[in-house]
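Participant: Here it is, the structure in full.
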Amino acid sequence: MPEGMPPPLAQQIEGLLLARGLLSAAALDRVRRLQSEGGERLDRIAAKLGLVSERDLAALYAETIGAPLVAVHEFPPDPVGGERIRAAFLKRARMIPIRDAAEALVVAMADPFDDAAARALEFAIDKPIARRAAMPADIDAAYQRLYGSGPTALASIDDLASEREDSDRDEDLARLRDLASEAPVIRLVNAVITRAVEMGASDIHLEAGEARLRLRYRIDGVLREIEPPPARLKNAVISRIKIMAKLNIAERRLPQDGRIRLAVRGREIDFRVSTTPAIHGESVVLRILDRGSLALDFAALGFAADLLPDFIDILNRPHGIELVTGPTGSGKTTTLYAALTFLNRPESKLLTVEDPVEYLLDGVNQVQIRPQIGLTFADALRSFLRQDPDILMVGEIRDRETAEIAVQAALTGHLVLSTVHTNDAPSAITRLLDMGIADYLLTSTLNAVLAQRLVRRLCRCRVPYRPPAALAERLGFAWGEITLFKPGACVECGGTRYRGRTMILELMPLDEGLHSLILRHADAREMRAEAVRAGMRTMYAHGLAKALEGVTSIEEVIRVTHDA
């Protein structure tokens with residue numbers, strides 16, 4: 001079908017939803033019942049209920065009209081169509097002109113079958129339009145970039161009565177609960193969460209200030225400031241999140257932890273909620289746990305192809321301890337989940353103890369620790385040894401008691417996977433010795449330590465360049481011998497220059513040389529030198545290799561490794 005072809009009948013969309021398996025028969029019956037009550041189109045109801053993702057629906061629209069789905073890079077750098085097109089109309093209709101061709105104005109539409117909006121635009125510009133389907137989130141992002149001077153999605157949600165003011169002094173609990181349950185606050189919180197998921201954020205940070213509520217998203221490991229909700233609603237917004245997470249909204253003096261499960265854009269997503277008291281109110285962090293975007297494949301995580309066989313060989317050992325180390329947010333738990341997925345076989349029993357359980361793994365018995373009732377890492381591990389397991393995963397070794405039980409489990413024929421918080425692989429050994437683990441037990445049980453960091457991937461708008469002589473020499477190359485890549489800036493990455501993250505790592509198997517250093521309690525620098533002599537490639541070296549490949553920038557590698 002040509003781009004300007006009128007939209008097909010709603011029945012055709014319904015048939016395609018079923019044919020593509022996007023709607024089950026039960027879901028279709030549910031949607032039809034609602035459709036009979038309100039008369040709205042079936043596909044729109046399915047999207048609102050989260051039964052069909054907006055991406056799948058947009059792809060279906062594109063297939064139906066016979067034109068490719070509008071990609072992010074197709075949106076123009078400047079507004080198209082002139083002053084006759086009002087920005088408010090485009091926002092309301094969720095459409096963006098992307099190209100002014102001789103025969104028609106090409107328009108990206110969230111709903112290319114919206115005849116009323118299409119005819120109104122044609123009347124305004126006195127020219128035919130060619131309809132193209134696009135992701136609603138992409139249209140919203142393009143609108144903010146092209147016509148951002150107007151009210152944004154969050155600022156526009158402000159239709160509470162103007163006489164209601166947010167005063168900590170006279171606000172009682174009942175009023176706060178009522179305020180948090182009102183439709184504008186619910187829509188605002190849903191908008192904050194949905195926008196974060198669409199932008200690929202890993203965390204949402206809400207911080208109450210003296211006169212405002214600060215909102216930031218962590219995207220690709222870096223916090224990005226987002227336009228906040230209205231300041232007068234800060235307590236209502238925080239209370240709404242606490243209600244969703246089943247927390248006590250009356251308790252503002254102590255930290256609290258909870259979970260939320262929501263269907264966002266057709267995907268079931270878990271949110272780990274943490275609140276902590278601050279001087280001007282509560283700080284709330286939501287960790288976004290999107291299992292649909294979780295890559296539990298070593299290659300997808302960024303494992304070096306030459307190191308993967310060695311790591312697999314270590315995982316296949318029948319007993320011993322494998323440690324993954326790195327700072328908070330370096331992807332340690334994801335690596336452990338990938339290892340568990342690899343080891344999850346019918347003949348093996350797998351048990352994990354975590355704080356918290358972030359993702360559910362089929363076939364793995366996962367336990368959430370609860371210190372308030374006496375269920376700690378150590379207590380859970382003791383009970384695990386009576387469950388006849390083959391493989392144990394401990395979310396984190398934090399203290400001597402947990403470390404000792406993990407060592408005993410390894411000595412009695414179990415494979416133990418765990419994490420510790422250290423900067424590099426050799427420091428993990430020093431940390432365990434500091435906890436009080438006997439050196440001879442460590443040499444008998446510890447198989448290997450994997451240290452890792454996450455670096456941002458360069459967008460495809462990257463630009464190759466020859467580094468200056470001083471930088472090339474610092475990296476160990478002659479001038480003109482290497483090509484590096486620096487960030488560009490395009491519509492697809494929204495000017496952030498990076499898209500996604502990948503892993504850089506160092507794998508340190510324990511050999512006789514390291515055993516002798518452990519037995520005499522050598523420091524981490526000596527162990528690192530011995531490991532490098534034995535063939536270990538450092539995280540910095542792995543990062544440099546990825547910089548030379550154009551996966552990331554050398555500045556990003558230096559930022560996360562701090563290696564000169």
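Participant: Run the reach check for residue 349 against lysines, Cα to Cα strictly under 30 Å, same-chain hits fewer than 8 apart removed. What comes back?
Facilitator: 332
Participant: Right, here's the next one. Sort 114-127, 186-199, 360-373 by the packing proxy (mean of other Cβ within 10 Å over each peptide's residues), most packed first.
Facilitator: 186-199, 114-127, 360-373
Participant: For residue 317 and residue 545, what is the calculated FRET efficiency with R₀ set at 35 Å and r taken between the beta-carbons, to the nearest 0.05?
Facilitator: Efficiency, from the Cβ-Cβ distance: 0.80.
Participant: Ok, one more. Once you have the Cα-Cα distance between residue 12 and residue 359, take 0.36 nm times their residue separation minus that, and quote the gain in nm to one decimal.
Facilitator: Result for the pair: 121.2 nm of gain on full extension.
Participant: Still on this structure, I have one more. Can you give the angle from 0 to 90° between the axis of helix 115-125 and the longest principal axis of the chain, with both taken from C-alpha atoms, to the nearest 10?
Facilitator: 70
Participant: Which residue, 428, 117, 146, has the largest displacement toward the positive end of the dipole of the chain when charges sit on each Cβ (Lys, Arg +1; Asp, Glu -1)?
Facilitator: So the residue furthest toward the plus end is 117.
Participant: Could you go through segment 426-433 in sequence order and give the Karplus-derived ³J(HN,Hα) for each residue, using 6.51 cos²θ - 1.76 cosθ + 1.60 with θ = phi - 60°, rounded to whole Hz, and x for Gly and Pro?
Facilitator: The phi angles translate into x, 5, 5, 5, 4, 5, 5, 5 Hz.
Participant: Between residue 349 and residue 532, what FRET efficiency comes out of the Förster formula 1/(1 + (r/R0)^6) with R0 = 30 Å and r the beta carbon distance, rounded to 0.05?
Facilitator: The computed FRET efficiency comes out at 0.20.
Participant: Another question, if that's okay. Sort the following peptides by mean Cβ neighbour count (other Cβ atoms within 10 Å, averaged over residues), highest first: 202-208, 313-319.
Facilitator: Per-residue mean Cβ counts within 10 Å order the peptides as 202-208, 313-319.
Participant: Moving on to the next point. With +1 on each Lys and Arg Cβ and -1 on each Asp and Glu Cβ, how big is the dipole of the chain about its Cα centre, in debye rounded to the nearest 20?
Facilitator: Around 680 debye, computed over the chain.
Participant: Cross-link partners among aspartates and glutamates for residue 242, C-alpha distance below 12 Å, same-chain residues fewer than 8 apart left out?
Facilitator: Partners within reach: 251, 257, 282.
Participant: For the chain, what is the relative contact order in percent, using Cα pairs closer than 8 Å and at least 6 residues apart in sequence?
Facilitator: 10
Participant: If you don't mind, another one. Evaluate E = 1/(1 + (r/R0)^6) for residue 214 and residue 124, where r is the Cβ-Cβ distance and R0 equals 41 Å; express this FRET efficiency to the nearest 0.05.
Facilitator: Step by step, r from the Cβ atoms, then E = 0.55.
Participant: So, one more: Taking the Cα of residue 308, stepping 7 Å toward and past its beta carbon, and measuring to each backbone N in segment 329-362: which are under 20 Å?
Facilitator: 331-345
Participant: Here's another thing I want to ask about it. Evaluate the relative contact order of segment 419-543 (contact order divided by residue number), counting alpha-carbon pairs under 8 angstrom at least 6 apart; express in whole percent.
Facilitator: Relative contact order comes out at 32 percent.
Participant: Also, I was wondering about something else. In nm, what is the difference between 0.36 nm times the number of residues separating residue 515 and residue 460 and their Cα-Cα distance?
Facilitator: 15.3 nm
Participant: Continuing with this model, one more query. Whose amide H sits under 5 Å from the amide H of residue 501, counting only residues 5 or more places off or on another chain, with H placed in the peptide plane?
Facilitator: Excluding prolines and chain starts, which carry no amide H, the hits are 457.
Participant: Continuing with this model, one more query. Can you give me the Cα centroid spacing of segment 228-272 and segment 53-76 in angstrom?
Facilitator: 33
Participant: What is the distance in Å between the Cα centroid of segment 405-474 and that of segment 341-357?
Facilitator: Between the Cα centre of segment 405-474 and that of segment 341-357, the gap is 21 Å.
Participant: Tell me what the chain gives for mean residue ellipticity at 222 nm when only DSSP H runs of n ≥ 4 count, each as -39,500 (n - 2.57), the sum divided by the residue total, rounded to 500 deg cm²/dmol.
Facilitator: Result for the chain, helices only: -11000 deg cm²/dmol.
Participant: From the phi angles alone, apply the Karplus equation (6.51, -1.76, 1.60; θ = phi - 60°) to segment 329-337 and give each ³J(HN,Hα) in whole Hz, x where the residue is Gly or Pro.
Facilitator: Listing the rounded values in order: x, 9, x, 4, 5, 4, 4, 5, 5 Hz.
Participant: Residue by residue, what Karplus-based ³J(HN,Hα) values in Hz, rounded to whole numbers, does segment 273-279 have, using 6.51, -1.76 and 1.60 with θ = phi - 60° and x for Gly and Pro?
Facilitator: 10, 10, 10, 9, x, 10, 5
Participant: How much accessible area per residue does the chain have, counting only protein heavy atoms and a probe of 1.4 Å, in square angstrom?
Facilitator: On a per-residue basis, the chain sits at 47 Å².
Participant: Turning to a different aspect of this structure: When a/c reaches 1.5 or more, the comparison of a/b and b/c decides; with that in mind, is segment 281-410 rounded, prolate or oblate per its Cα gyration tensor?
Facilitator: oblate
Participant: Quote to one decimal, in nm, the extra length available between residue 399 and residue 280 on full extension: 0.36 nm per residue of separation minus the C-alpha distance between them.
Facilitator: 39.5 nm
The values are calculated or read from the model by the stated rules, or taken from the named source; none is laboratory data. These numbers come from a predicted model, not from an experiment. Don't worry about glycine lacking a Cβ; one is built from the backbone with ideal geometry, like all the others, and counts go over all protein chains shown. Ligands, DNA and RNA are stripped out before the accessible areas are found, and what is left, the full protein with its side chains, is counted by its heavy atoms. Shrake-Rupley method; radii C 1.70, N 1.55, O 1.52, S 1.80 Å.
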